[in-house]
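In what follows, a single structure is set out as structure tokens and then discussed.
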Amino acid sequence: MKIAELVKYRIDRFAEGYVFTYSDFNVDADKESALKIALYRMVKSGTIERLSKGRFYKPKSGIVKKLKPNEYEIVKDLLIDGGKAIGYITGYSVFNSLKLSTQVPNVIQIAVNFDKKGIKRGIYTVKFVRQWNKITKANIPLLQLLDCIRFIKSIPDTTVANSINRITLLLKELPEAEKKQLVELAINYPPSTRALSGAIWEQLGYNDYASKLQKTLKSTTWYSFNIPQELLPNRLKWKIK
């Protein structure tokens, strides 16, 4: 099979929105130039779109225009390595999925276990934030929820008060085993996250969880969130403004 035919055959079988690279075609090194030419011609014809250097996708068909891949497809190579989770999407898209905000800017935030500079992926800016817990596929939803507490002042199109109400409901609905695990994970977060988490747990009646977090905090440090007293009556106990 000629390279052009191979490329068309493979792409016809890709799902719409699937992001692929040269490695998806598994061609010999001496045929890489022909592969690049074939892909270039398909981009020119509009059959596929170029996301960024060496990365392409088969566009989804919308009512008016072709749709771009979802965020996971755009950054999946930064999230999984050899079947192991090495990062996860956080920030704006999680705020949106958890109904904390309706805004989804062209910024994709990824939490990783090391410091990393941001990159560009087409129209998207990919930014990295530090996660101090070991990342596993199982604990990602809990880490995403803790990130919402950590970045609560940065959630767009809402207020801190509204966000606390929503986060309190999400924490309350967690299964008991996940509540316990979330508290363990919170211990490795910054003090401000631990303080706000502890105050919420105490308000929900989980005094053991609250006490565990309070023991990790310095008694002289205050945390500024601009939270009304009526929303969090115990905020002064937790040194929260």
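The values are calculated or read from the model by the stated rules, or taken from the named source; none is laboratory data. Remember, predicted model here, so these are calculated numbers, not experimental data. Note that we place each Cβ from the backbone using ideal geometry, even for glycine, and neighbour counts take in every protein chain shown. For the accessible areas, the whole protein counts, side chains as well, though only heavy atoms, and no ligand, DNA or RNA atoms are used. Shrake-Rupley method; radii C 1.70, N 1.55, O 1.52, S 1.80 Å.
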Enumeration of residues in segment 97-112 that are open to solvent by less than 60 Å² (accessible area, probe 1.4 Å) and more than 12 Å from the chain's Cα centre (by Cα):
100, 101, 105
Of everything in segment 48-85, what is open to solvent by 60 Å² or more (accessible area, probe 1.4 Å), out of contact with any Gly (no Cβ under 9 Å at 6 or more places or on another chain) and not in a strand (DSSP E or B)? Give them in sequence order.
53, 63, 64, 65, 72, 77, 82
Confirm whether residue 127 is assigned to a strand (DSSP E or B), in contact with a Ser or Thr (Cβ under 9 Å, 6 or more places away or on another chain), open to solvent by 60 Å² or more (accessible area, probe 1.4 Å) and touching a residue at least 12 places away in the same chain (Cβ under 8 Å).
no
So how many residues does segment 3-30 have that are touching a residue at least 24 places away in the same chain (Cβ under 8 Å) and open to solvent by 90 Å² or more (accessible area, probe 1.4 Å)?
2
Residue in segment 31-46 that is crowded, with 17+ Cβ neighbours inside 10 Å and touching a residue at least 40 places away in the same chain (Cβ under 8 Å) present:
no
Please find, among 172, 212, 137, the residue that is of a type in the set (Lys, Arg), closer than 25 Å to residue 113 by Cβ and in a helix (DSSP H, G or I).
212
Qualifying positions in segment 86-96 - surrounded by fewer than 19 Cβ atoms within 10 Å (Cβ to Cβ) and without any contact (Cβ under 8 Å) to a residue 24 or more places away in the chain:
96
Single residue of segment 192-235 satisfying the filter (small (Gly, Ala, Ser) and within 20 Å of residue 145 (Cβ to Cβ)) that is surrounded by the fewest Cβ atoms within 10 Å (Cβ to Cβ)
205
The residue that is farthest from residue 233 (Cα to Cα), considering only those in segment 152-191 that are crowded, with 21+ Cβ neighbours inside 10 Å and not aliphatic (A, V, I, L, M), is 189
